[in-house]
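The values are calculated or read from the model by the stated rules, or taken from the named source; none is laboratory data. Note that the coordinates shown come from a computational prediction; the quantities given were computed from them, not determined experimentally. With ideal geometry, Cβ positions are generated from the backbone for all residues, glycine too; neighbour counts draw on all protein chains shown. Note: areas computed on protein heavy atoms with side chains; ligands, DNA, RNA excluded. Shrake-Rupley method; radii C 1.70, N 1.55, O 1.52, S 1.80 Å.
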Amino acid sequence: MKRVVLVDDHDLFRAGVRSELGDAVEIVGEAASVADAVPLIRELDPDVVLLDVHLPDGGGQAVIAQVAPERPGVRFLALSVSDAAEDVIGVIRAGARGYVTKSISGPDLADAVRRTAEGDAVFSPRLAGFVLDAFRSGTPPVDPELDVLTAREREVLQLIARGYLYKEIAARLHLSVKTVESHVSAVLRKLQLSNRHELTRWAADRRLI
Amino acid sequence: MSSSSYRLPLALPRVVRDEREGAVAGVCAGIARSLDVDATVVRLGFSLLALASGAGIVAYVGAWSALPAAGRPAPSRRRRLLGLVLLVVAAALALRGLGLADSLVWPAAFVVGGIFLTRRGNRSAVLGLALVAIGVLVFVDQNAGEESQNALLEPSAVAVALLLVVGPWAWRVAVERDTERTARIRSQERAEMAARIHDSVLQTLALVQRESADPRRVAALARRQERELRGWLYPDPQAAAGGLAAAIDAAAAEAEELHGVPVELVRTGDAPLDERVEAVVRAAREAMANAARHSGTDEISVFVDVGADELAVFVRDRGHGFDADAAAAPGHGIEESIRGRMARAGGTAVIDSSPEGTEVELRLRRRP
């Protein structure tokens with residue numbers, strides 16, 4: 001069973017997630033702040049950290065920045081009520097493997113945790129929309145390898161935005177689920193490494209770089 | 001409001017004469033107590049000052065006159081004024097004793113005394129200004145004739161005197177106005193926030209308590225409140241621009257409220273509203289309403305993609321689907337309000353329905 005640490009500053013919300021996830025995963029620890037979360041994650045070395053984008057003392061990206069270099073095996077999944085694109089893009093660029101909104105259902109969240117633990121990228125429809133916006137052509141790319149989405153990647157993201165699951169996308173595009181997952185992972189990598197103007201501006205506005 | 005918080009850095013600790021401890025009038029003992037040193041040190045200081053043309057003696061008399069005695073009412077205005085004048089004279093004497101030229105010391109004494117007076121109120125302010133003017137005139141008069149730069153001396157002396165008189169007052173006014181404005185803005189913001197929360201969140205919470213038996217209704221209430229609060233906290237420039245994005249937001253919100261089915265809306269880009277784009281919005285609203293009413297889905301996904309050449313809207317549900325061709329029979333809602341509308345606008349509508357769900361795909365080429 002996947003070992004999960006839950007980082008969120010709202011007690012009620014943590015209790016809700018715990019009961020919704022039930023026996024699907026093992027929640028080995030909880031923290032309500034960056035200061036508590038960093039030593040806890042180092043000590044427990046979990047498979048997945050469910051991470052609130054907003055924390056009172058620095059936010060989810062501060063946790064990732066302090067933990068990820070020493071614990072490369074720990075994967076982060078961002079969980080937020082925020083709609084603001086720059087917050088979401090910021091935490092993804094810091095190293096999170098995906099983003100889901102807090103309105104997600106229990107079984108869907110358990111599935112997202114499992115996929116994160118297996119190294120997949122977890123894109124909610126909303127995140128797909130943000131990414132399509134961020135990579136919208138306008139300024140010429142500096143590095144075509146990182147700054148431009150391929151036609152196939154764009155197609156996959158559009159289907160995610162339309163509410164399709166990976167296996168439905170695979171059936172529609174006559175691909176295997178594994179191939180769909182690798183396209184999404186490639187997009188995640190571009191998102192994290194690209195220096196595209198829009199991405200850096202979003203992040204810089206929030207002093208994330 | 002909080003204007004009293006500002007003080008010129010001229011304020012001194014409150015000194016009272018200590019008549020019981022004192023040798024003469026308790027001036028030295030009083031000063032020593034407020035400075036927390038031994039009275040002998042202060043007495044020695046006054047004695048040394050007395051050597052400078054008697055400055056210490058004049059200062060002592062001035063302080064006697066100006067300082068209140070412990071436990072007795074404050075001295076009269078006239079006594080305090082006399083004391084201040086004597087203190088200024090004593091300072092001037094002391095400076096002379098240190099070897100500064102008369103032509104500098106006496107004008108300076110006039111100016112300093114005058115500035116003190118201007119800070120005391122209307123009538124003494126006039127006197128104070130007169131003293132400052134006299135000081136400046138004496139200074140200019142005394143120093144003219146020497147070979148220094150006469151042309152510069154006079155205006156700069158006047159300017160310095162003016163700055164000394166008006167500067168602190170102007171500073172204080174500016175600070176007061178600033179703090180007042182900040183406080184006013186803050187209280188306005190607070191009032192606005194309180195009103196907003198009262199009208200929205202508190203009303204919703206009251207409704208949630210009343211309707212707690214109906215989970216679907218509670219979820220719809222929570223969702224509406226969330227949407228409203230989010231729009232306020234994270235204003236979206238596109239949603240405010242009044243174009244396609246704003247119109248689709250409104251249509252999705254309406255579908256949610258009318259039918260109680262959550263709409264997960266994702267959009268990229270925006271386009272200005274014209275007749276054709278409005279037709280797309282109406283067709284999308286009809287598609288959302290159909291999905292909510294007939295499909296039995298518990299969520300509707302809407303994706304709006306505005307590209308350079310084409311705009312596309314996808315409305316998808318995971319309901320039980322229907323026979324699209326049968327439903328397209330004349331007289332049925334879909335034929336007229338979705339397909340017909342899109343065709344008239346010069347776009348297309350494709351309806352793909354199966355037992356796993358339905359997706360309505362609306363496309364419109366954008367005019368150059």
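Averaged over its residues, how many other protein chain Cβ atoms are within 10 Å of peptide A:8-14's Cβ atoms? Walk me through the numbers before you get to the answer.
Working: counts 0, 0, 0, 0, 0, 0, 0.
Mean inter-chain Cβ contacts per residue within 10 Å come to 0.
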Options B:GLY346, B:GLY357, B:ILE300, ranked by Cα towards positive dipole end of segment B:209-365, top entry (Cβ charges)
B:ILE300
Please average, across the residues of B:262-270, the number of beta carbons from any other chain that are within 10 Å of each residue's own beta carbon, and give a whole number.
5
Debye equation applied to the C-alpha atoms of chain A, log10 I(q)/I(0) at 0.18 Å⁻¹
-1.30
Quick P(r) readout (the protein assembly as shown; Cα-Cα; 10 Å bins; whole %) gives 3, 12, 17, 16, 9, 6, 8, 11, 10, 5, 2, 0
For B:MET193, what accessible surface area do you get with a 1.4 Å probe? Give it in Å², rounded to 10.
100 Å²
Per residue accessible area in Å² of chain B, where ligands, DNA and RNA are left out and the probe is 1.4 Å:
60 Å²
B:LEU86 neighbourhood, Cβ < 12 Å, K/R = +1, D/E = -1, net charge +2
Once accessible area is computed for B alone, A alone and the pair with a 1.4 Å probe, the total buried surface, to the nearest 100 Å², works out to 1600 Å²
Nearest 10 degrees is fine. How inclined is helix A:151-161 to the longest principal axis of chain A, computing both from alpha carbons?
50 degrees
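What number comes out for the charge environment of B:ASP352, summing +1 per Lys or Arg and -1 per Asp or Glu over other residues with Cβ under 10 Å away? Let's see the in-between values first.
Working: positive: B:ARG316; negative: B:GLU359, B:GLU361.
Within the 10 Å Cβ shell, the charges total -1.
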Magnitude of the Cβ-charge dipole (Lys and Arg +1, Asp and Glu -1) of chain B about the Cα centre, nearest 20 debye, reported as 2760 debye
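How would you order B:17-30, B:236-249 from highest to lowest mean count of nearby Cβ atoms within 10 Å?
Working: B:17-30: 19.1, B:236-249: 17.4.
Packing order, densest peptide first, comes out as B:17-30, B:236-249.
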Calculate log10 I(q)/I(0) of chain B for q = 0.11, 0.14 Å⁻¹, where I(q) comes from the Debye formula with a single equal point scatterer on each Cα and nothing for solvent.
-0.87, -1.19
In nm, give the distance between the simple-model label positions of A:GLN192 and B:LEU162, each being 7 Å from the Cα along the Cα-to-Cβ direction.
6.7 nm
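Could you please put A:LYS2, A:LYS178, A:LYS102, A:LYS190 in sequence from largest to smallest accessible area, using a 1.4 Å probe? If you can, show how the numbers build up before the last one.
On the way: A:LYS2 70, A:LYS178 140, A:LYS102 40, A:LYS190 15 Å².
So the residues, ranked largest to smallest area, are A:LYS178, A:LYS2, A:LYS102, A:LYS190.
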Rounded to a whole number, the mean other protein chain Cβ count within 10 angstrom for residues of A:157-167 is 5
To the nearest 10 degrees, how steep is helix B:39-51 against the longest Cα principal axis of chain B, on a 0 to 90 scale?
60 degrees
A:GLU155-B:GLU257 pseudo-label distance in nm [points 7 Å out on the Cα-to-Cβ vector]:
4.0 nm
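Could you pull out the trypsin sites (Lys or Arg not before Pro) across segment B:167-219 that fall in loop regions by DSSP (anything but H, G, I, E, B) with no more than 16 other Cβ atoms inside 10 Å?
Working: sites: B:ARG172, B:ARG177, B:ARG181, B:ARG184, B:ARG186, B:ARG190, B:ARG196, B:ARG210, B:ARG216, B:ARG217; in loops: none.
Listed in order of number, the matching sites amount to none.
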Once you place label points 7 Å from the Cα toward the Cβ at B:LEU129 and B:ALA241, how far apart are they in nm?
5.9 nm
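Take each of the peptides A:11-17, B:97-103, average the number of other beta-carbon atoms within 10 Å over its residues, and list them starting from the highest. Walk me through the numbers on the way to the answer.
Details: A:11-17: 14.1, B:97-103: 12.3.
Averaged packing, sorted descending, gives the order A:11-17, B:97-103.
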Using a 1.4 Å probe over the heavy atoms of the protein chains, calculate the carbon and sulfur portion of the accessible area of the protein assembly as shown as a whole percent.
57 percent
Find the accessible area per residue for segment A:134-195; the probe is 1.4 Å, ligands and nucleic acids are left out, and the unit is Å².
50 Å²
Efficiency by 1/(1 + (r/R0)^6): what FRET value for A:VAL177 and B:ARG230, r their Cβ-Cβ distance, R0 = 45 Å, to the nearest 0.05?
0.85
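Can you work out the FRET efficiency for the pair B:LEU207 and B:ARG78, with r the C-beta to C-beta distance and R0 = 51 Å, to the nearest 0.05? Mind showing how you got there, number by number?
Values: r = 72 Å, r/R0 = 1.42.
Once rounded, the FRET efficiency stands at 0.10.
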Cβ-based net charge around B:VAL281, under 13 Å, with every Lys or Arg adding one and every Asp or Glu removing one:
-2
If you fit an axis through the alpha-carbon atoms of helix B:275-294 and take the longest principal axis of the Cα set of chain B, what angle between them do you get, 0 to 90°, nearest 10?
70 degrees
